[in-house]
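Participant: Please find one structure pasted underneath; my questions will follow.
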Amino acid sequence: MNKIYLCFMMFLLPFIAKGAVLTDSTTWVKQFMRKVIEVQKLNRVQNFESDAYLKSNLILENIPKTILGKKIQIRSNLKNRQLIWLYETSSKLYSDKNLGFKELVKATKTYGKYPSWDFKSPAQLQVNFADDLVKFEALSDKSFISPLEKNAFKDYNFYLIEKDSFTAKINVVPKHKYAPTFTGNITINIKNYALKDVDLKTTGTKGIDFIDTLQVLQTYKDFKPTHTVLNYNGDFLRFIFTGKSEAIFNNFKTGVNPDSLKTFGKNEIVKDDSSAYHSNKLVKDRSIFLTLQERLSYAYEDSLNQFRKDEIESDSLSGLSKKVRLFPLFFSDLVWKSKSKKNLILFDPIFPAFFYNTVEGAGLSYGVNFLSFSKDGKYWSIKPRVRYGLSNNELNSDVSLSWLYKPKSRGLVNFSAGSTYRDLNPNGTIGTLQNTLNTLFFEQNFMKLYRKEYLSMGIGRELVGNFYLSIGTEISRNYAANNTRDYAFRNIRDRGFSSNNPIAPNFGDKIFPNYTAFFINSSLIYTLRQPYILKDGVKIYKLPLGPRFIVNYRKGVNGIFHSESNYNYLEGEIQHEKLDMGLWGYGSYSVSAGKFLDAKTVYFPEWRHFSGNSALVFNPGLKSFHLLDFYTYSTSRFFMEAHFEHNFNQKFSARIPVIRKLKLEELLGGGYLTQPDRGDYFEAYIGLRRWAFRADYAWSFDKFGLLNQGFRISFAF
């Protein structure tokens, strides 16, 4: 019996030993990774400066033969394995614990047309997995959980692959398949617990539009990424593409010299000017070899630019070259540009220029925009427009002029004059095309119009800090209008056109007498933490990191130019867009209140109006209501308004089989409005969004309960 037991134990010994090794390895990895996470957090943010080089490319691997029945290669120059975008930049990168990253661009070179999801700054590739959450902002707003987050053992399992006296290679495996996590390997220095190498992947099913797979390769030194490579591939409408963004950081100096940062403004994150666009500078700093395809593409672009340069003889209209062929003119702008690209002529698309409403009948509103640019970023724009209605047989025309005279301070002068028809609600509650379709097909004339003869001017510019001040004035003669047409493609039972008076829709009385108005208005805006890029002396603003405070004042002046308006109006607002909530997405809110301090004479066009909606298609702006009547809540007394919207960014839809493949963003929002004549109004809605499409279901309430409910959709094209 003892012999049998001994033989049995000898047989099990290898397995017991193996189990002990595995148990010891698991324990060691847990203890080791806890220490790694602790050390990484202590060294996460550092002050340093370094030289940086970035190269990004995008290759169209495969194109469909046809799309919408049209052969792609016949109608475009696209081919398989075609390089469609190449971007290089060399810069000086600064990292400050309080100010974040700042970049001084030294050299830049591009080929092709810039795609909306590409990386253009080395700072965007200073991705550090010591952060709890990691973002790839050029690709997605989605936040991903780092394997080195403080609660990493809740989301990841770690397994030892190999270990020597210097490094340990750890396999990272997410515990939840569809959570925004990574899988792959990380290599760590055993002596100081510092990251050495990263090879991690995530997939498009975890929340990145267009992307199937994203791979992150990194090399670290002294807790800082020194080499980052992002490889990604994807599919958009059967166009298969691959992309690669690679950044190298070297010549590190720890502790940023304060004098080096004095050249940057407080909120300036990138300084770039035209002197950087010289290839000879870039050749010296290039840290990554160009492929043969990239060299040939650059050579082709350089020869083409030289040909264009030799061809330029003048900047007169006769030297203008057509940018787009005739077909797009029906649905989008037609652009003519001079060969020096200093002058542009933009023709409005023809199809949206046609309209139909019950005041003017069928008509045409068409404009042409003339623009001229200078090297210092200044520009001027002149846009004449004509408008003609067949039913009222009335021709109107106006012209607007804009001059950006101080690009760095957003100094802008506006002037406009003429006659036209305007919506009684100036917030653009319903578009002209949308109103035309509703009028003709559904016998609903939502838009209410009045005629305006006017002359207005304004000036605005940035003051010290993040203050922006604008001042303007307008003199106008305003005429109430009546319906002149009641035609629709079909006659819907129990439905008919309402009058052009939104307050008394069943009667034809004019909503106001013809009158003259003269007012002066001013607006002061202050934005907290407003980052910007300074390019050729022009500020390019990015999304604010803090809230924006707005104060508006308008005075209707009685007696001047026979003006009958007589009032003082004051309004304040605080708003914040895309407030980052980490794994819970992002939220936006707006709160405003206003009051007519005295309202001796205020006609309806000068009341405070709100962005309402009564149609199936709505404007998805933050301050837009889904179900509010366009005009009935307008007020000449006081109001308070609030909106919020939260985008969960696939927090819940990613957990549902099949649905997760659609990459739907979940929306939750609401609105509130109160004014003394109508009382309180509430809205709540839920929605789903993907790309340019959005569908919401909304409910509206007043103090008596449910008012309305229904679906609303929007599309951004």
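Residue-wise test of (1) modelled with pLDDT of 95 or more; (2) assigned to a strand (DSSP E or B); (3) closer than 30 Å to Ala615 by Cα.
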position	(1), (2), (3)
Lys408	no, no, no
Phe415	yes, yes, no
Asn435	no, no, yes
Asn438	no, no, yes
Met447	no, no, yes
Gly458	yes, yes, no
Thr473	yes, yes, no
Ser476	yes, yes, no
Arg493	no, no, yes
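Participant: Among Leu139, Leu133, Leu125, Leu148, which is the only one that is in contact (Cβ under 8 Å) with a residue 60 or more places away in the chain and under 20 Å from Glu268 (Cα atoms)?
Facilitator: None of the other options fit; the residue is Leu125.
Participant: Moving on. Does the range 97-109 hold any residues that are at pLDDT 85 or above and either more than 23 Å from the chain's Cα centre (by Cα) or in a loop (DSSP other than H, G, I, E, B) (or both), and which are they?
Facilitator: Leu104, Val105, Lys106, Ala107, Thr108, Lys109
Participant: Need pairs with beta-carbon distance below 6 Å; first residue of a type in the set (Gly, Ala, Ser) and modelled with pLDDT of 85 or more and within the range 534-559, second assigned to a loop (DSSP other than H, G, I, E, B) and open to solvent by less than 30 Å² (accessible area, probe 1.4 Å); sequence gap 6+ or separate chains.
Facilitator: If the second residue must be assigned to a loop (DSSP other than H, G, I, E, B) and open to solvent by less than 30 Å² (accessible area, probe 1.4 Å), the pairs left are Gly556/Ser565.
Participant: Go through the range 648-685 and give me each residue that's open to solvent by 20 Å² or more (accessible area, probe 1.4 Å), under 15 Å from Ala179 (Cβ atoms) and part of a helix (DSSP H, G or I).
Facilitator: Residues satisfying the conditions are Arg655, Arg660.
Participant: With the structure loaded, tell me whether Lys383 is closer than 30 Å to Lys266 by Cα, open to solvent by 20 Å² or more (accessible area, probe 1.4 Å) and under 32 Å from the mean Cα position of the chain (by Cα) or whether it fails that test.
Facilitator: Taking the combined requirement at face value, the residue does not satisfy it.
Participant: Given the options Phe644, Phe715, Phe639, name the one that is within 23 Å of Asn427 (Cα to Cα) and either open to solvent by less than 10 Å² (accessible area, probe 1.4 Å) or in contact with a helix residue (DSSP H, G or I) (Cβ under 6 Å, 6 or more places away or on another chain) (or both).
Facilitator: Going through Phe644, Phe715, Phe639 in turn, just one is within 23 Å of Asn427 (Cα to Cα) and either open to solvent by less than 10 Å² (accessible area, probe 1.4 Å) or in contact with a helix residue (DSSP H, G or I) (Cβ under 6 Å, 6 or more places away or on another chain) (or both): Phe639.
Participant: For the range 88-141, give me the residue count where each residue is within 30 Å of Ala179 (Cβ to Cβ), open to solvent by 60 Å² or more (accessible area, probe 1.4 Å) and hydrophobic (A, V, I, L, M, F, W, C).
Facilitator: Matching residues across the range 88-141 total 2.
Participant: Answer yes or no as to whether Ile430 is in contact with a Phe, Trp or Tyr (Cβ under 7 Å, 6 or more places away or on another chain), part of a loop (DSSP other than H, G, I, E, B) and not aromatic (Phe, Trp, Tyr).
Facilitator: yes
Participant: I would also like to ask the following. I'm checking my understanding of the structure. Among residues of the range 52-96 that are modelled with pLDDT of 80 or more and of a type in the set (Gly, Ala, Ser), which one is nearest to the chain's Cα centre (by Cα)?
Facilitator: My answer is Ser56.
Participant: Let me ask something else about it. From the residues in the range 183-222 that are in a strand (DSSP E or B), among the hydroxyl-bearing types (Ser, Thr, Tyr) and under 30 Å from Glu665 (Cβ atoms), which one is least open to solvent (accessible area, probe 1.4 Å)?
Facilitator: Step by step, filter the range 183-222, then rank; the result is Thr202.
Participant: Tell me, yes or no, whether the range 181-198 has at least one residue that is among the acidic types (Asp, Glu), closer than 23 Å to Gly582 by Cβ and within 34 Å of the chain's Cα centre (by Cα).
Facilitator: Scanning the range 181-198, I find no residue that is among the acidic types (Asp, Glu), closer than 23 Å to Gly582 by Cβ and within 34 Å of the chain's Cα centre (by Cα), so the answer is no.
Participant: Could you check how many residues of the range 415-434 are open to solvent by 20 Å² or more (accessible area, probe 1.4 Å), within 20 Å of Tyr366 (Cα to Cα) and within 28 Å of the chain's Cα centre (by Cα)?
Facilitator: Count: 7.
Participant: Could you please find all residues in the range 569-618 being part of a loop (DSSP other than H, G, I, E, B), open to solvent by less than 30 Å² (accessible area, probe 1.4 Å) and of a type in the set (Gly, Ala, Ser)?
Facilitator: Once the filter is applied, which keeps residues that are part of a loop (DSSP other than H, G, I, E, B), open to solvent by less than 30 Å² (accessible area, probe 1.4 Å) and of a type in the set (Gly, Ala, Ser), the range 569-618 yields Gly585, Gly612, Ala615.
Participant: Next up: Please find, within the range 249-293, the residue that is modelled with the lowest pLDDT out of those that are closer than 22 Å to Ile540 by Cα and of a type in the set (Val, Ile, Thr).
Facilitator: Checking each candidate, the answer is Thr263.
Participant: Here is a follow-up. Would you confirm whether any residue within the range 435-451 is surrounded by 19 or more Cβ atoms within 10 Å (Cβ to Cβ) and over 25 Å from Phe355 (Cα atoms)?
Facilitator: There is no residue in the range 435-451 that is surrounded by 19 or more Cβ atoms within 10 Å (Cβ to Cβ) and over 25 Å from Phe355 (Cα atoms).
The values are calculated or read from the model by the stated rules, or taken from the named source; none is laboratory data. Values in this document were obtained by computation on a predicted structure and should not be read as measured data. Here Cβ is always computed from backbone atoms with ideal geometry, including for glycine, and neighbour counts include all displayed protein chains. Heavy atoms of the whole protein, side chains included, go into the accessibility calculation; ligands, DNA and RNA do not. Shrake-Rupley method; radii C 1.70, N 1.55, O 1.52, S 1.80 Å.
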